[in-house]
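Remarks on the structure that follows.
The values are calculated or read from the model by the stated rules, or taken from the named source; none is laboratory data. Just so it is clear, the structure is predicted and the values come from calculations on it, not from any experiment. Every residue, glycine as well, gets a Cβ built from its backbone with ideal geometry; the counts of neighbours run over all protein chains shown. For the accessible areas, the whole protein counts, side chains as well, though only heavy atoms, and no ligand, DNA or RNA atoms are used. Shrake-Rupley method; radii C 1.70, N 1.55, O 1.52, S 1.80 Å.
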Amino acid sequence: MNTVLSLFLFAAAIAWFEYRLKRISKENDQDQKGAFDFFATKEELKKAVKTLNEKASADRQALDERIASVEEKAFFAQKEEEKAAEERKSAPVVEPDPSVVYFRWPGDDGTFVDAQRLRVQTEETYYLFRLDETRTQAEFVFVTMSDTQLSKANNSSKKYIERACDFTGAKSGQYVCTPGKAHLERGRWVVDSKARIDYR
């Protein structure tokens, strides 16, 4: 009986010892795996940091190049502006011819209000007056600066054209104008003879 019990205890001890060996081996494997995972993660982090540093360096270089390009363009633009300013200073000032004035269009009565004269032509002026020495007599012509302006006048002919001009031909984008005559009377330019527009 004692022998059987001894054998049983011996077998149990061997089983327990094998179980502990397996357990220790398994824990050791897990520790090694954990260590491997840690080192793998560390390597991945190193690679990620390296990639980020390289990208940041490339971005900085691109930004530096862009800033340099902008500064270079600004420098040359400033030089061009300075050169243009110098040329403007040295260029003679050309005053408008005092005998030439511009009007928008005649009023309903076909006259031009002298107080509304302009010294320069604009997209809103349609008549050029050349005054004589007395500034009381003038020849005038119909003038436009662009196709858009002429089209506007052609489309509203009664307002812009017919009060001060006769015309021949179908309205188009090409014309020549024979001067008309006007005189100044109580602040208004009265048309003595209409200008004539010949459409081509």
>> Please compute the contact order of region 83-166 in relative form: average sequence separation of alpha-carbon pairs under 8 Å and at least six residues apart, divided by the residue count, as a percent.
In response: 28 percent
> So what does Trp105 come to for accessible area, using a 1.4 Å probe and Å² rounded to 10?
Replying inline: 60 Å²
> Highest GNM mean-square fluctuation, the chain, Cα pairs closer than 10 Å: which of Lys50, Lys79, Lys26?
Replying inline: Lys26
> What does the charge count near Asp132 come to, summing +1 for each Lys or Arg and -1 for each Asp or Glu among other residues with Cβ under 11 Å from its Cβ?
Replying inline: +1
> How many lysine pairs does region 40-151 hold where the Cα atoms are under 26 Å apart and the two sit 8 or more places apart or on different chains?
Replying inline: 7
>> Below 8 Å between Cα atoms, with a sequence gap of 6+, how large is the relative contact order for the chain in percent?
In response: 15 percent
> How big is region 137-200 by the Kirkwood estimate over distinct Cα pairs, in Å?
Replying inline: 12.2 Å
> How far is helix 2-90 tilted off the main Cα axis of the chain, in degrees rounded to 10, range 0 to 90?
Replying inline: 20 degrees
> Based solely on its DSSP helices, what 222 nm [θ] is calculated for the chain when runs of n ≥ 4 H residues each add -39,500 (n - 2.57) and the sum is averaged over all residues, nearest 500 deg cm²/dmol?
Replying inline: -18500 deg cm²/dmol
> When Lys and Arg each count +1 and Asp and Glu each count -1, what net charge do the other residues less than 13 Å away from Lys50, Cβ to Cβ, add up to?
Replying inline: +1
> Using heavy-atom solvent-accessible surface (probe 1.4 Å) with all chains present, what is the largest-first order of Asp59, Asp114?
Replying inline: Asp59, Asp114
> Kirkwood hydrodynamic radius for region 89-200: how many Å is it when counted over pairs of different Cα atoms?
Replying inline: 14.4 Å
> Taking one equal scatterer on every alpha-carbon of the chain, how large is log10 of I(q)/I(0) by Debye at q = 0.08 1/Å?
Replying inline: -0.61
>> For a quick check, take a GNM of the chain with Cα springs below 10 Å and name the residue from Thr41, Thr122, Thr148 with the largest mean-square fluctuation.
In response: Thr41
>> Please enumerate, by chain and number, the lysines with C-alpha under 21 Å from the C-alpha of Lys181, excluding those fewer than 8 residues away in the same chain.
In response: Lys158, Lys159, Lys194
